[in-house]
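One structure below.
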Amino acid sequence: MTDHYLSTVYARWTFFDLTKISIDRGLLYSESNGSPEEYKRHLITPPASRAGIPCMSKALVITDADEHNETGHLIEDARTRKEQMDKRQRSLSFTKGNSRTFAVRECNAETS
């Protein structure tokens, strides 16, 4: 229902002042952090591993849709799965403690 609402709603918006917005992308991978062959997107590090940005280095980012190891390849062992789940939980806790709340005001199409 949300997709339908967002695709069909008519509203007038006040645009953000983009000069007041900063984007913190967290830890980013660069070749100064190690060779592209050794890059591990899902390395077990607190609170998060270095993210690779497409076309910014020669590092290959692999992420299997199922549970994966530090290099992104499919795994089935319980120890690695627990490590990755614990890492996700730390990331969620870190994000929750460092996020900002934005108020959303419902727009009345008849008065806008």
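A short reminder: the numbers here are calculations on the coordinates, not readings from a lab. For clarity, every value in this text was computed on a predicted model and none was experimentally measured. Note that each Cβ is placed from the backbone with ideal geometry, even for glycine, and that neighbours are counted across all protein chains shown.
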- Message: What aspartates and glutamates does K58 reach when the alpha-carbon gap must be under 14 Å and sequence neighbours fewer than 8 apart in one chain are set aside?
- Response: E31, E37, E38
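Please get the size of the charge dipole for segment 1-91, origin at its Cα centre, with Cβ charges of +1 on Lys and Arg and -1 on Asp and Glu, quoted in debye to the nearest 20. All intermediate terms of the calculation are to be shown ahead of the outcome.
Details: 13 positive and 14 negative charges, 79 e Å.
Taking the Cα centre of segment 1-91 as origin, the dipole is about 380 debye.
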